[in-house]
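The structure under discussion appears below in the form of structure tokens.
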Amino acid sequence: RKEQLQLLASVDAITKDGVTLQLSSNISSLKELDMALRHGAQGVGLFRTEFLYMDRDTFPDEEEQYEMYRKVAEKTQGHSVVIRTLDIGGDKELDYFELPEEDNPFLGYRAIRICLDREELFKTQLRAILRASAGGNVKIMYPMISSVDEVREANKLLAEARKELDLRGLAYDPDIQVGIMVEVPAAAMISDLLAQEVDFFSIGTNDLVQYVLAVDRMNEQIAHMYQPFHPAVLRLLRMTVDAASRAGISVSVCGEMAGDERSVPLWLELGVQNLSMSPQSLLRVKHRVLNTHADEARRKARDCMGMSSSSAIEQALTDFASSTL
Ligand code: PEP
Ligand code: MG
């Protein structure tokens with residue numbers, strides 16, 4: 001079965017009735033990138049850069065980051081690479097960067113909040129990403145955005161980073177695309193406003209589920225309450241995708257939900273064409289897409305959107321996936 005799936009690496013992800021999905025990968029290292037490319041990833045939909053900052057004694061400098069981003073862009077050839085700016089805090093800590101003790105780290109000083117506070121740290125990374133964009137199809141993505149002001153502030157620092165490179169005579173893509181993760185419920189709810197500020201959305205369902213259901217994604221004891229198919233999650237997904245399409249910007253999903261083959265009908269019904277997932281999920285999801293009738297799947301998803309409980313929705317999607325094996 002594994003060998004059979006591997007044969008799909010070079011096949012496009014098209015449903016039986018001709019709907020094409022774009023399957024890209026989430027990576028955090030060159031090793032994961034290699035695996036993603038072996039599994040036919042059409043680009044990198046999420047490069048989790050925090051791992052470049054972990055297991056070491058100091059922050060990586062601009063040069064070191066540039067080297068890494070350039071290599072990823074080079075290896076991904078032709079396809080795009082979405083580089084997410086530093087997303088530490090919450091569960092991800094750095095030995096050399098003392099974060100305050102917090103009662104609620106997941107609601108605290110993390111990700112873009114740190115970057116907007118520590119401007120040099122942020123601009124160093126932005127310059128490295130910009131420089132990598134000179135030699136590849138690179139995009140910038142901000143994590144944990146919860147307001148329009150945060151996007152504007154981040155973009156102001158991005159403009160400064162560009163100016164600094166201009167002064168040094170270093171090249172970058174002047175039309176580089178800038179997007180945000182939609183992973184805080186507030187962002188989904190103001191997605192129409194945020195869509196006016198950015199070039200693309202990527203929905204991070206891992207955090208979105210945790211925050212909208214108030215269920216810690218790391219807590220074993222309440223793991224059964226962590227329900228990606230909860231009607232509240234589906235409504236936020238719909239709001240976000242609709243806002244993106246009305247504004248004419250692209251939208252992808254990069255949380256674990258994208259790598260769950262049972263979700264395929266939801267993406268087809270919502271109109272999500274780009275999915276980014278772990279390298280291990282790519283071939284399974286592609287196999288599912290190839291065996292799906294988009295028309296039937298959309299009908300099933302519409303049923304699900306009308307259901308009132310996540311267990312009923314999950315059951316319906318599980319049954320649908322196994323009936324079309
Ligand atoms: C997410 O929150 O869905 C996501 C993709 O990012 P991370 O898992 O790194 O928080
Ligand atoms: Mg996240």
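Bear in mind these aren't lab numbers, they're just calculated from the coordinates by the rules spelled out. Everything quoted here is computed from the prediction, not taken from an experiment. Backbone-built Cβ (ideal geometry, glycine too); neighbour counts: all protein chains shown.
Across the chain, the relative contact order, built from alpha-carbon pairs under 8 Å that are at least six residues apart, equals 20 percent.
For the peptides 211-222, 28-39, the ranking by mean Cβ contacts within 10 Å, running from highest to lowest, is 28-39, 211-222.
Note that region 23-32 has calculated 3J(HN,Hα) couplings of 10, 10, 10, 8, 9, 9, 7, 5, 5, 5 Hz, one per residue in order, obtained from phi through the Karplus relation 6.51 cos²θ - 1.76 cosθ + 1.60 (θ = phi - 60°); glycine and proline are x. Comparing Cα centroids, region 299-318 and region 97-145 end up 37 angstrom apart.
For a quick check, take a GNM of the chain with Cα springs below 10 Å and name the residue from Ala244, Ala159, Ala188 with the largest mean-square fluctuation. Among Ala244, Ala159, Ala188, the largest mean-square fluctuation in the Gaussian network model of the chain belongs to Ala159. Remark: the Asp173-Ser10 segment gains 55.8 nm on full extension, using 0.36 nm per residue and subtracting the alpha carbon distance.
Close amide-amide hydrogen proximity is noted between Asp173 and Ser133, Ala134, each under 5 Å apart and 5 or more residues distant or on a separate chain (H modeled in the peptide plane; Pro and chain starts excluded). Note on Asp55 and Glu3: the extension gain reaches 15.2 nm, defined as 0.36 nm multiplied by sequence separation minus the Cα-Cα distance.
For the residue pairs Lys71/Lys156; Lys2/Lys286; Lys71/Lys92; Lys2/Lys75, the C-alpha atoms sit more than 21 angstrom apart in Lys71/Lys156; Lys71/Lys92; Lys2/Lys75. Projecting the Cα positions of Ser10, Met218, Ile176 onto the charge dipole of the chain (unit charges on Cβ atoms of Lys, Arg, Asp and Glu, taken about the Cα centre) puts Ser10 furthest along the positive direction. Taking Val81, Val182, Val148 as the candidate residues, the one with maximal mean-square fluctuation in a Gaussian network model of the chain, Cα springs under 10 Å, is Val148. The HN-Hα couplings worked out from phi for region 271-282 by the Karplus form 6.51 cos²θ - 1.76 cosθ + 1.60 (θ = phi - 60°) are x, 8, 9, 10, 10, 10, 8, 5, x, 5, 8, 3 Hz, whole numbers, x standing for Gly and Pro. Across region 108-118, coupling constants 3J(HN,Hα) worked out from phi with the 6.51/-1.76/1.60 Karplus curve, θ = phi - 60°, read x, 7, 8, 6, 4, 5, 5, 5, 6, 8, 10 Hz, and Gly and Pro carry x.
Residue separation of His293 and Val148 scaled by 0.36 nm, minus their Cα-Cα distance, works out to 48.3 nm of gained length. Distant-in-sequence amide contacts of Ser250, defined by a placed amide H-H separation under 5 Å and a gap of 5 or more residues or a different chain, comprise Phe201. Pick from Glu183, Glu63, Glu261: which is most flexible by mean-square fluctuation in a GNM of the chain where alpha carbon atoms under 10 Å apart are linked? Maximum among the listed residues: Glu63. Under a 5 Å amide H cut-off, with hydrogens placed 1.01 Å from N, Met144 pairs with Met181, Glu183 among residues at least 5 apart or on other chains.
Would you give the gap between the C-alpha center of region 162-194 and the C-alpha center of region 200-265, rounded to a whole Å? Cα centroid to Cα centroid, the span is 21 Å. Between the listed residues Leu270, Ser309, Ile88, the Cα displaced farthest toward the positive end of the dipole of the chain, a dipole computed from Cβ unit charges relative to the Cα centre, is found at Leu270.
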